[in-house]
Every structure is written in structure tokens, then in C-alpha cells.
1. Could you tell me whether residue 386 is more than 30 Å from residue 492 (Cβ to Cβ) and either in contact with a Cys (Cβ under 6 Å, 6 or more places away or on another chain) or open to solvent by 70 Å² or more (accessible area, probe 1.4 Å) (or both)?
2. Among the residues of the range 91-118 satisfying the criterion of being hydrophobic (A, V, I, L, M, F, W, C) and open to solvent by 50 Å² or more (accessible area, probe 1.4 Å), which is modelled with the lowest pLDDT?
3. Determine whether the range 435-444 contains at least one residue that is among the charged types (D, E, K, R), out of contact with any Pro (no Cβ under 7 Å at 6 or more places or on another chain), part of a strand (DSSP E or B) and free of Cβ contacts under 8 Å to residues at least 40 places away in the same chain.
4. Given the options 392, 487, name the one that is among the hydroxyl-bearing types (Ser, Thr, Tyr), assigned to a strand (DSSP E or B) and open to solvent by less than 70 Å² (accessible area, probe 1.4 Å).
5. Being in a loop (DSSP other than H, G, I, E, B), at pLDDT 90 or above and either more than 60 Å from the chain's Cα centre (by Cα) or surrounded by 17 or more Cβ atoms within 10 Å (Cβ to Cβ) (or both) is the filter here; which residues of the range 418-434 pass it?
6. Of the residues that sit in the range 159-176 and are of a type in the set (D, E, K, R) and assigned to a strand (DSSP E or B), which one is farthest from residue 116 (Cα to Cα)?
7. From the residues in the range 499-519 that are part of a loop (DSSP other than H, G, I, E, B) and open to solvent by less than 100 Å² (accessible area, probe 1.4 Å), which one is farthest from residue 473 (Cα to Cα)?
8. Among the candidates 402, 382, which residue alone is modelled with pLDDT of 95 or more and of a type outside the set (Ser, Thr, Tyr)?
Amino acid sequence: LRKLDTAYQVDKGQKMKLVVEVANPDAEVKWMKNGQEIQVSGRFIFENIGNKRVLTINHCSLADDAAYQCVLGEEKSITELFVREPPVLIIQPLEDQMVMVGERVEFELENIADLTVKAQEQAIFKCEVSDEKVQGKWFKNGVEVMPSDRLQLTHIGRIHKLVIDNVRPQDQGDYTFVPDGFAFNLSAKLNFLEVKIDYVPRQDPPKIHLDCLGCVPDATIIVVAGNKLRLDVPISGDPVPTVVWTKADKVITEMDGRVHVENHPEHCVFIMEGAERSDQGVYTVLVQNPAGEDRANITVRVVDVPDPPEFPKILSVGEDCCTVQWDPPAFDGGQPVLGYVLERKKKKSYRWMRLNFDLWKETTYEAKRMIEGVVYEMRVYAVNCIGMSRHSPASKPFVPIAPTSEPTNLTVEDVSDTTITLRWRAPEKVGAAGLDGYLVEYCKEGSDEWLPAQQGLTDCNLLLIRDLPTGEKLHFRVKAVNMAGASGAAVLSQPVTIREIIQRPRICLPRNLRQKMVKVVGETVNLMIPFQ
């Protein structure tokens, strides 16, 4: 309902609160810093106050100067936090000086007086600050001054110097020293005293100075999706060259929205606001003047969190567990996937529970400690060095169940030359999933290839198996089957010969053995049992 402001500013060491309002008072949000999720600590505190979601940063340091996001589902609110230090004190201003033409002059900081020099002379600006640890930058006409063969920047103790050797007309302008992190600055103007000499104007071919950015030709620059990229590219040439930026032969103008450029006499600026995947590619900068042209290619690669994995598949279930498998994300965000995070919930619940707190490296996972007979769903996140993806679609609902125990009391009822009749009893343990039927199989003695005795399952505990090979010795087994799969097998202790039974076996118990026999310890017992 209420998003973050575009930017916030806080003094170093102070507390900062970032506040959003959401429509659902039960909604959970995530806070991100430079694309990575923030974990609760002594300095980072999360609060849910009604519809408000608050991130408090205690004792802000320069490391907290970053881009922050509040993420709610697919929605993001983005801001930037600027952390500033207390202002630097300028303890000694510049003083006026009078020198003879051609002599060297040094200025110490005051309400800086202008400096006038002639061609090929030396100009020196000097600034003294209160703390020798304070860094700073020199600017000319608002553009940062970079060291070169003629421009020297020094910092010794509390003294910052800018020395310009062999002064040229293009050195004329306003020079400013700005201490890092502070709004205070002092400026002085350098005036160039021209000596009227008839000469032919010199033309210098244009040049792009990527080396000043620490880059090389055809360099690759990496930016995190959602962040801002700004490239200040120094250029030179006399007369001042024209600058054209292109991507895939499309010219980028100064008013091109998120991706645009700015042109200045001595540098050009490439700006990308809120980088997106579509922004990556090769950008070409071309500078031209009557003396020639120069061009350079800069490859921009936008890295992001991975795409979410596809919906996970449930490979198998047990009494209190399941095995889940998924495919890696189609796009890894431009950085390798470091691992995965899994969550599960009950079908009728809205609360997802995280299953692993260390990243899981594989794409198969066994989830445990579930309740048999309850319907569950699973989902997966992919993680790279930028952060965590959105969650995958939920798996198909599934129920943890266990196979039944094996059937009991498997016996042979009858045998003929081509058939056999088997009988058995139900398993002792069936479980919450019930019983779908029985699978009856046989194999030849000496073989391990089991064949189904009939198509599909049988619901009965008695089965007549037909068309068996006469005289063959066969092993038989029976399994109980439910949603969780097949149980262990009930197996006959020895193979059965498929042959007509002429007469069923019968024990002919003598009459004397039908009575109780009493023997004294130590006597021999010899029982003769006749049978047919």
C-alpha cells in the first residue's frame, strides 16, 4: 500500500528505519541488500506492526550504503540508502600571492582566489584538511580530475595537492576539492593567459581512454539486476569530438529513459537505471572530429538470481517420507547455481516449512518426518551468489504411505498337468492406504526371471493359474499392492512340479500312535510313520 521512498540519507553511527505498508496483515516480506536476503542480527531488526513491515538498521556504517529491496511475492519496492560522515573542517584557507610572470606559485586553501598562468607554466592548487586520514577528489568543471603525465594528485599528511604542468588552454576552468562523503567543498578558477602568436590551429585526433576506468578494449562489466550502472568514460581530441553510443546498431540518445547517455567536453557518461536482463549486450562508443575517430566496445553482463526450478516430481513415498526430484532452472542468472532450498506444506495449510538450512547441492532429495495419510505439497528455490530465486510451482499433492506387509500362509491347493491353484491369507499389516490387490508371479527353477501369472491384480485370496508347462518345476510368490507399491513377497519354500496328482498324499497313523506314549528319561523313542 505504501512503498519505500526513492532514497534515504543517514549519518554514520545513527539508526535508520525503512517502512512499507501491506494490504494483508498476515503477509510475510523479505528484505534484500544489494540483491541478497538480509538475515536478522543485532543490527538488522525486522518488525511486523499491523500492516506495517519495518527494517531497522542500528549503528549505520559506510558498509550499509547500498540498494535495499522489500519483496512481497512478485512485487518489489526499491530504495537507496546513503550513509554520510560528519563534515571535514578546512582549518587553513588559501592566501593571496603576488608573483612575477614565469615564476611558480602555490595556493593554500582560502575563499579560493583565481590563478592566472601562461602557456607551458605550472599551476599548483593546495588544500589542508583537519585529519590526515581524510581522502578527497579534485574536480574540474564538475568532472573528476584523473592523474596523467601533466596532472599530478598528491596526498601527504593533511595536504592535498593538484599540480598542472605545461598549462594549456583547455586546462582553464573551475577547480574544486571535495572531501569524500561530505557536502563541503572549496573552488578556485584557473585563467589561461594567451600570448598572441600567429600559428596554425592544431588538431588532435579523438581518443577514448578506457584505461582510466581500469578497463581494457572489449572489456566486460558486470552489474546486478535492479542496480544502477554509471560509466564515466574520459575522451580527448581537439576540436572536441562528437560522441555516439550504440547497441546492436541502435543509437542511444541523451533522453532514452532507463538507459541513456550524457556528453561533456572531456568525458561521456553511460547510465543504466535498474538494470534488466534485456540490457546486457555489447555497447559501442564512437568519438569523431575532423582529425579522425576512435571507437571501443564495452560488454555489459547483467547477473540476477536464478529462474525458479520447474515444479518438482515425487518419485516415491514411504510411511513417513518421500523422494522428490526437480530440474535445474532454465536460466541460472548468469552465475552458477550454488544449491537449492526445499519447502513443504500440508495441502489445506498456507504455511510452508523449510526443510534444509544448508544449501542442498543435488536435484534429488529425501524428505522425512511426515505423517502417513496426510496430503502434502513440495516446492523448490534455486540459489546463486546473487540471491535466491522465486519458488517453483508446487508439486502435485501426494500422501506418505507405506506398502503392506507380505501375504501369509501361501499354500498349494491343487496341481494338474497344466494348472496350479494357490491360496493365501491377507497381510497382517495393511496401513492407511488400504489394499488394491495381489500380484502373483512364477519363475522356472534356476532362473531369476519372474513372470506375472495373470494380467493385472487379483482381489481374491485364491487363484487358478492356467497354461503352465507340464513337468516343469516352478517357484511361486505373491505380493500385496497399494498406492505405495508392492509389499514383500510370500514365497513357497520349494518349487512345485506341474504334474497331475494321481493320489493325494496321506499319512496312515497306526492306532498305537494315537494314544499317549510315556517314556522314562534315558529310554529310546522310535516312531514309525507310514504314508501313501
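1. Working: more than 30 Å from residue 492 (Cβ to Cβ): yes; either in contact with a Cys (Cβ under 6 Å, 6 or more places away or on another chain) or open to solvent by 70 Å² or more (accessible area, probe 1.4 Å) (or both): no.
Against the criterion (more than 30 Å from residue 492 (Cβ to Cβ) and either in contact with a Cys (Cβ under 6 Å, 6 or more places away or on another chain) or open to solvent by 70 Å² or more (accessible area, probe 1.4 Å) (or both)), residue 386 does not qualify.
2. Taking the range 91-118 as the starting set, the residues that turn out to be hydrophobic (A, V, I, L, M, F, W, C) are 91, 94, 98-101, 105, 107, 109, 112-113, 115, 117.
Still in the running and open to solvent by 50 Å² or more (accessible area, probe 1.4 Å): 91, 98-101.
Numbers: 91: 54, 98: 68, 99: 68, 100: 69, 101: 70.
Among them, the one singled out is 91.
3. Keep residues of the range 435-444 that are among the charged types (D, E, K, R), which gives 436, 441, 444.
This time we only want the ones that are out of contact with any Pro (no Cβ under 7 Å at 6 or more places or on another chain), so: 436, 444.
Next, from what is left, pick out any that are part of a strand (DSSP E or B): 444.
Subsequent filtering for residues that are free of Cβ contacts under 8 Å to residues at least 40 places away in the same chain retains 444.
Yes, there is a match, as at least one residue in the range 435-444 is among the charged types (D, E, K, R), out of contact with any Pro (no Cβ under 7 Å at 6 or more places or on another chain), part of a strand (DSSP E or B) and free of Cβ contacts under 8 Å to residues at least 40 places away in the same chain.
4. Values: 392 fails: assigned to a strand (DSSP E or B).
Of the residues listed, the single one that is among the hydroxyl-bearing types (Ser, Thr, Tyr), assigned to a strand (DSSP E or B) and open to solvent by less than 70 Å² (accessible area, probe 1.4 Å) is 487.
5. Listed by number, the residues that qualify are 418, 419, 427.
6. Narrowing the range 159-176 to residues of a type in the set (D, E, K, R): 161, 165, 168, 171, 174.
After this cut, where a residue has to be assigned to a strand (DSSP E or B) as well, the list is 161, 174.
Values: 161: 17, 174: 12 Å.
Here the residue is 161.
7. Taking the range 499-519 and keeping what is part of a loop (DSSP other than H, G, I, E, B), we get 499-506, 508-510, 515-519.
Cutting the leftovers down to open to solvent by less than 100 Å² (accessible area, probe 1.4 Å) gives us 500-501, 508-510, 517.
Details: 500: 13, 501: 14, 508: 28, 509: 30, 510: 34, 517: 40 Å.
Filtering first and then ranking leaves 517.
8. Numbers: 402 fails: modelled with pLDDT of 95 or more.
Answer to the selection: 382.
The values are calculated or read from the model by the stated rules, or taken from the named source; none is laboratory data. Everything quoted here is computed from the prediction, not taken from an experiment. Cβ coordinates were reconstructed from backbone atoms using ideal geometry, including for glycine residues, and neighbour counts include every protein chain displayed. Heavy atoms of the whole protein, side chains included, go into the accessibility calculation; ligands, DNA and RNA do not. Shrake-Rupley method; radii C 1.70, N 1.55, O 1.52, S 1.80 Å.
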